[in-house]
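Colleague: One structure, as structure tokens, below. Some questions next.
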Amino acid sequence: MHGRLKVKTTEEQAEAKHLEREKKLHQYVTATKAIFEKRKLSQLDKEALELTSQVLAANPDFATLWNFRREIFLHLQEETPEEMQALCKAELSFLESCLRVNPKSYGTWHHRCWVMEHIPEPDWDRELELCGKFLEIDERNFHCWDYRRFVVQRSQVPPQDELAFSDSLITRNFSNYSSWHYRSRLLPQLYPDPQQQGRITEEILLKELELVQNAFFTDPNDQSAWFYHRWLLGRADPEPTIRCVYVNREDTSLAVAFSHPMAIAPASHDLIVFGDESPLVVRWRTPDGRNRPGFMWLCDLPASALNDHWPQHNFRVLWTEGQSQKECVLFKGHRDCWSQDSVTEEQVFRCELSTEKSTVLQSELESCKELQALEPENKWCLLTIILLMRALDPLVYEHETLSYFTTLKAADPMRSAYLDDLRSKFLIENSILKMEYAESRVVDLSQRVLEADDNRIETLEGLPPLPRLEELSLCNNRLQQPASLQSLASFPKLSHLNLQGNPLCQIPNIQSELSALLPNVATILT
């Protein structure tokens, strides 16, 4: 153990310890065999209880024995209520001794729940006191927190009392992560925001922000308060919905994009396509053909759904489960059509923080900047500043956000890869937002030639096959290894690839390596 001096033992002492261990092991094995023999013979008596007590007192995590004890208790329910009460009280006392051996024993806490549900006269106040004692020993014992929630629910303790309990723990120690989390479960019950399910009213929000600010100004390096701060400024998750519908005349296909990954059966009756108000028989699939839950689902339209002589075709997709629909019109002479949500109006790129109360976010940003002036290298403060600016206005704060990313990477080098990914994600989202404001709604990937030069691309991993693409230019990007181009092997018509200006061009014999990787590409420029 840490902090204890290692005491040398003589051979005689070591031998004595070995013999003692052997003796205990023999008793343990003998008792276990006797228990299983009794269970096999269905001898559900008090002697079996005593035998299991001997083993569980030494090893409370023997799940099978807890199951056997429950079988015995169910068998003994035929006794009088007074006898059953005494038996259950003795069991609770035994469980408490087991918890002293291992306060985080899954089986022991679970069995205690079971006993409290079967005892004729439960003493819930006594159980709350027990939870208080164990949480004093270890305030993050989530087994005990789970049991406390069970006791609170069964005994119908008012949420106000539990919030006061949470107050007392946080006042004693701001680092009590479990207690902060408990508040996030209690406050929406006590002070629900009528506009957002799962959120709290603005008045309570401001009080909680003051409390959590006291916490992270007291100890800026403790993550507990920062996570709670992020929850306070967070937003309720939106309901799943259809984001976009796309129809392609040349492929006679239709694609549906959802806001959340969805599982759709091939012949689903929940996702229905109407062509000129007539239901169409289609089969759904994912782009990769694996039909796992995904954002994008495709189907082939019947040949009768498209007629080149008609002035227009109206397509409507109805998703009954999510109670949403979208429609688009394919005009004569047009190759495709689509209907999509605006990323600016619908906030497709949802920040972790809410944009509902911009005045609150602005105030929190100023407070965090004050703290950052005092603690310039505090990673939690820097990350929160980035998220706050992102929630307020990602484009207005773009350059300042990038500056804070540089500072954060220096302060937290262990997470530099994660921060690079987050920074890249924000930049991509900003680029799409700029396109949206410029009313450039769609990037057309159906062309036979595609130029993606000077885009800081590091890998093409995950890029789906583009069946029409014949020429691809990736000049002056950041491609370093041939393996990052593996996905191009599945592009059936790709014949010309330009990689000039990428770091991988400096690798010896790169031309032959790329030819082996992409045998169907006739011309590869390096």
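The values are calculated or read from the model by the stated rules, or taken from the named source; none is laboratory data. Predicted model only: the values in this text are computed from it and were never measured. FYI the Cβ positions are ideal-geometry reconstructions off the backbone, even for glycines, and counts take in every protein chain you see. Accessible surface areas use protein heavy atoms only, side chains included; no ligands, DNA or RNA. Shrake-Rupley method; radii C 1.70, N 1.55, O 1.52, S 1.80 Å.
Colleague: For Pro266, work out the one condition from (1) in a loop (DSSP other than H, G, I, E, B); (2) open to solvent by 20 Å² or more (accessible area, probe 1.4 Å); (3) at pLDDT below 90; (4) not aromatic (Phe, Trp, Tyr) it doesn't fulfil.
Modeller: (3)
Colleague: Which of the strands (runs of 3 or more DSSP E) found entirely inside segment 275-323 contain at least 2 residues meeting this: in contact with a strand residue (DSSP E or B) (Cβ under 7 Å, 6 or more places away or on another chain) and closer than 14 Å to Val256 by Cα?
Modeller: 294-300, 312-319
Colleague: To continue, here is another question. Which one of these does Tyr177 not meet: (1) over 28 Å from the mean Cα position of the chain (by Cα); (2) under 22 Å from Tyr228 (Cβ atoms); (3) of a type outside the set (Lys, Arg)?
Modeller: (1)
Colleague: Filter segment 33-91 down to the residues that are among the acidic types (Asp, Glu) and in a helix (DSSP H, G or I) and list them by number.
Modeller: Within segment 33-91, Glu37, Glu47, Glu50, Glu71, Glu82, Glu83, Glu91 qualify.
Colleague: Restricting to segment 164-221, what's the tally of residues that are open to solvent by 30 Å² or more (accessible area, probe 1.4 Å) and among the aromatic types (Phe, Trp, Tyr)?
Modeller: The total comes to 5.
Colleague: Would you mind finding the one in Thr526, Thr459 that is in contact (Cβ under 8 Å) with a residue 24 or more places away in the chain and either closer than 26 Å to Trp297 by Cα or in contact with a Ser or Thr (Cβ under 7 Å, 6 or more places away or on another chain) (or both)?
Modeller: Being in contact (Cβ under 8 Å) with a residue 24 or more places away in the chain and either closer than 26 Å to Trp297 by Cα or in contact with a Ser or Thr (Cβ under 7 Å, 6 or more places away or on another chain) (or both) holds for just one of Thr526, Thr459, which is Thr459.
Colleague: Looking at segment 402-429, I want the residues that are more than 17 Å from Thr459 (Cα to Cα) and have a partner that is acidic (Asp, Glu) with Cβ atoms under 6 Å, at least 6 apart or on another chain. Which pairs are those?
Modeller: What qualifies is Ala411/Glu377.
Colleague: Oh, and also: For segment 95-106, give me each residue that is open to solvent by 10 Å² or more (accessible area, probe 1.4 Å) and part of a helix (DSSP H, G or I).
Modeller: Correct list: Glu96, Ser97, Arg100, Val101, Tyr106.
Colleague: Continuing with the same structure: Suppose we filter Glu377, Glu366, Glu327, Glu398 for residues that are over 25 Å from the mean Cα position of the chain (by Cα), modelled with pLDDT of 90 or more, more than 24 Å from Leu233 (Cα to Cα) and acidic (Asp, Glu); which single one remains?
Modeller: The conditions single out Glu327.
Colleague: Give the residues of segment 61-76 that are touching a residue at least 40 places away in the same chain (Cβ under 8 Å) and more than 17 Å from Cys113 (Cβ to Cβ), sorted by residue number.
Modeller: Phe62
Colleague: Only one of Ala58, Ala16 is free of Cβ contacts under 8 Å to residues at least 60 places away in the same chain, of a type outside the set (S, T, N, Q) and farther than 30 Å from Ile137 by Cβ; which?
Modeller: Ala16
Colleague: Now a separate question. Mind listing just one residue for me: the one in segment 449-498 that is in contact with a His (Cβ under 9 Å, 6 or more places away or on another chain) and farther than 25 Å from Glu429 by Cβ and, of those, surrounded by the fewest Cβ atoms within 10 Å (Cβ to Cβ)? Before the answer, list the steps.
Modeller: Residues of segment 449-498 in contact with a His (Cβ under 9 Å, 6 or more places away or on another chain): 449, 470-473.
With the extra rule that they be farther than 25 Å from Glu429 by Cβ, the set shrinks to 449, 470-471.
Working: Val449: 11, Glu470: 15, Glu471: 16.
Within segment 449-498, the match that is surrounded by the fewest Cβ atoms within 10 Å (Cβ to Cβ) is Val449.
Colleague: Then there is this: Can you name the residue in segment 228-245 that is among the charged types (D, E, K, R), in contact with a Ser or Thr (Cβ under 9 Å, 6 or more places away or on another chain) and assigned to a loop (DSSP other than H, G, I, E, B) and, of all such residues, is modelled with the lowest pLDDT?
Modeller: Among those residues, the one meeting the criterion is Arg235.
Colleague: Suppose we keep only residues that are within 21 Å of Phe73 (Cβ to Cβ) and assigned to a loop (DSSP other than H, G, I, E, B) within segment 107-160. Which one would you say is most open to solvent (accessible area, probe 1.4 Å)?
Modeller: Glu121
Colleague: Continuing with the same structure: Step by step: first the residues of segment 296-323, then only those that are modelled with pLDDT under 90 and closer than 18 Å to Ile242 by Cβ, then the one that is surrounded by the most Cβ atoms within 10 Å (Cβ to Cβ). Which residue is that?
Modeller: Gly322
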